[in-house]
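The values are calculated or read from the model by the stated rules, or taken from the named source; none is laboratory data. If you're wondering where the values come from, they're calculated on a predicted model, not measured in any experiment. All Cβ positions, even for glycine, are placed from backbone atoms using ideal geometry, and neighbour counts span all protein chains on display. For the accessible areas, the whole protein counts, side chains as well, though only heavy atoms, and no ligand, DNA or RNA atoms are used. Shrake-Rupley method; radii C 1.70, N 1.55, O 1.52, S 1.80 Å.
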Amino acid sequence: MSDTSDARATNAYWGRDGLERLILDALAAAGKNIGALTIDDLAPADQFHSGGKGATERLARLAALRPGMRVLDVGGGLGGPARTLAVQFGCHVAVVDLTESYVRAAAALTARLGLSDRVTHRIGDALALDVEAGLFDVVWTQNSGMNIADKERLYAGFARVLRPGGLLALQEPMAGPVQPVVFPVMWARDAGASFLRAPSAMRAVIETAGFHVRVWDDVTEEVPSVAPTPAHSVQRIVMGQALDAIVQAGQRNREERRILMVQAVLERRAPLASSKPADLAQSTPR
Ligand SMILES: C[S@@+](CC[C@H](N)C(=O)[O-])C[C@H]1O[C@@H](n2cnc3c(N)ncnc32)[C@H](O)[C@@H]1O
């Protein structure tokens, strides 16, 4: 298994030219004032995951995000979740994504909303995070790990960049009790690019990487998959005509429990050595 992701394949699948212009034109056609955009105006076009902005807010509340927290959003796409965390929760967010056209469009949208002091965007691979160890309070990732086979490496990397006690907040599609998945799905035309595991297996991998579970919610029923999909939705802008087959398969995958959606918050355990004083303190007679 390669140590890094296939950047060429990722860019070929997800990437689109001129995305900022496409988004602004679609929002203008939907009646939005492009000269005074808000995160809510942008939400249909920049929150690229099941459940849209509502799902982002749900996960942020689940993680009890607070002003001043340093968040790394891995696979942050066009930056809708990151801008929401900055504006509504007061966080400072660094977004990393492998798709270059998303990073360009995301940075332009962040600048347009005057948020560049709180949200930054750069090209980077989730499997090779170029980030100082222990730097972040939170690793945030929403619908971004589906193309990644090496989950062990992915979550070990997340643990490395978090301070002890830091949080991993995730939303991920996972394999349901009924298999196989029906294709196409949003992230793959066929099984060759889709790497889902069952919730129990995912939980085991993440725990082994150094986390313990605070909350693990199956939100399949609560979080709508891809509908509605108006012309200014990110799903329509990126997938075009291909979206119709994706929506159809998505409904089947959800109804037949072939794909589940999980939101979870996990805490990075302290390394063993630094947990000793606390253990000793607890056993000291008072
Ligand atoms: C469905 S989009 C989700 C974007 C964003 N998290 C959101 O919810 O709006 C999936 C994202 O994962 C990114 N991605 C896929 N593989 C990646 C990798 N190995 N490293 C970084 N980003 C990756 C894609 O470029 C894309 O932006």
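Could you grab me the full set of residues in region 186-232 that are of a type in the set (V, I, T), exposed (fewer than 15 other Cβ atoms within 10 Å of the Cβ) and not in a helix (DSSP H, G or I)?
Within region 186-232, the subset of a type in the set (V, I, T) is 205-206, 208, 213, 215, 219-220, 223, 226, 229.
Those still in the list that are exposed (fewer than 15 other Cβ atoms within 10 Å of the Cβ) too: 208, 213, 215.
Once the filter is applied, which keeps residues that are of a type in the set (V, I, T), exposed (fewer than 15 other Cβ atoms within 10 Å of the Cβ) and not in a helix (DSSP H, G or I), region 186-232 yields V213, V215.
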(request) Only residues that are open to solvent by less than 10 Å² (accessible area, probe 1.4 Å), in a strand (DSSP E or B) and either farther than 16 Å from L167 by Cα or more than 8 Å from the ligand (Cβ to nearest atom) (or both): list them for region 70-96, please. (result) V71, L72, V93, V95, V96
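I want to confirm something. Restricting to region 97-106 and keeping residues that are crowded, with 19+ Cβ neighbours inside 10 Å and over 12 Å from the mean Cα position of the chain (by Cα), which single residue is farthest from L266 (Cα to Cα)?
The initial filter retains those residues of region 97-106 that are crowded, with 19+ Cβ neighbours inside 10 Å, namely 97-99, 102-103, 105-106.
With the extra rule that they be over 12 Å from the mean Cα position of the chain (by Cα), the set shrinks to 98-99, 102-103, 105-106.
Numbers: L98: 24, T99: 27, Y102: 27, V103: 27, A105: 30, A106: 27 Å.
Within region 97-106, the match that is farthest from L266 (Cα to Cα) is A105.
Results for (1) within 19 Å of the chain's Cα centre (by Cα); (2) modelled with pLDDT of 95 or more; (3) within 27 Å of A43 (Cβ to Cβ), shown as yes or no for each residue.
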| site | (1), (2), (3) |
| --- | --- |
| Q171 | yes, yes, yes |
| V182 | no, yes, no |
| A188 | yes, yes, yes |
| G192 | no, yes, no |
| V215 | yes, yes, yes |
| P224 | yes, no, yes |
| A245 | no, yes, yes |
(message) For G134, only one of the following conditions fails: (1) assigned to a helix (DSSP H, G or I); (2) touching a Leu at 6+ places or on another chain (Cβ under 9 Å); (3) away from the ligand (no atom under 15 Å from the Cβ). What is its number?
(response) (1)
(request) Kindly indicate whether V238 is modelled with pLDDT of 95 or more, part of a strand (DSSP E or B) and either closer than 17 Å to F48 by Cβ or open to solvent by less than 40 Å² (accessible area, probe 1.4 Å) (or both). (result) no
(message) I'd like to check something: does region 245-259 contain any residue that is free of Cβ contacts under 8 Å to residues at least 12 places away in the same chain, out of contact with any Asp or Glu (no Cβ under 6 Å at 6 or more places or on another chain), open to solvent by 40 Å² or more (accessible area, probe 1.4 Å) and not acidic (D, E)?
(response) yes
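Tell me, yes or no, whether region 112-119 has at least one residue that is of a type in the set (D, E, K, R) and touching a strand residue (DSSP E or B) at 6+ places or on another chain (Cβ under 9 Å). Step through it out loud before you land on a result.
Start the filter on region 112-119 by keeping residues that are of a type in the set (D, E, K, R), which leaves 112, 117-118.
Keeping just the survivors that are touching a strand residue (DSSP E or B) at 6+ places or on another chain (Cβ under 9 Å) gives 117-118.
Yes.
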(request) May I ask you to say which residue of G145, G114 is in a loop (DSSP other than H, G, I, E, B) and within 14 Å of the chain's Cα centre (by Cα)? (result) G145
(request) Tell me, yes or no, whether region 42-61 has at least one residue that is more than 15 Å from the chain's Cα centre (by Cα) and outside any helix (DSSP H, G or I). (result) no
(message) Filter region 1-36 down to the residues that are of a type in the set (G, A, S), assigned to a helix (DSSP H, G or I), open to solvent by 70 Å² or more (accessible area, probe 1.4 Å) and within 15 Å of the ligand (Cβ to nearest atom) and list them by number.
(response) A12
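Just the residues that are of a type outside the set (G, A, S), closer than 19 Å to L24 by Cα and touching a residue at least 40 places away in the same chain (Cβ under 8 Å), please, taken from region 69-103. Write out each step before concluding.
So in region 69-103, the residues of a type outside the set (G, A, S) come out as 69-74, 78, 81, 83-85, 87-89, 91-93, 95-100, 102-103.
Subsequent filtering for residues that are closer than 19 Å to L24 by Cα retains 78, 81, 83-84, 100, 102-103.
Within region 69-103, L78, P81, R83, T84, E100, Y102 qualify.
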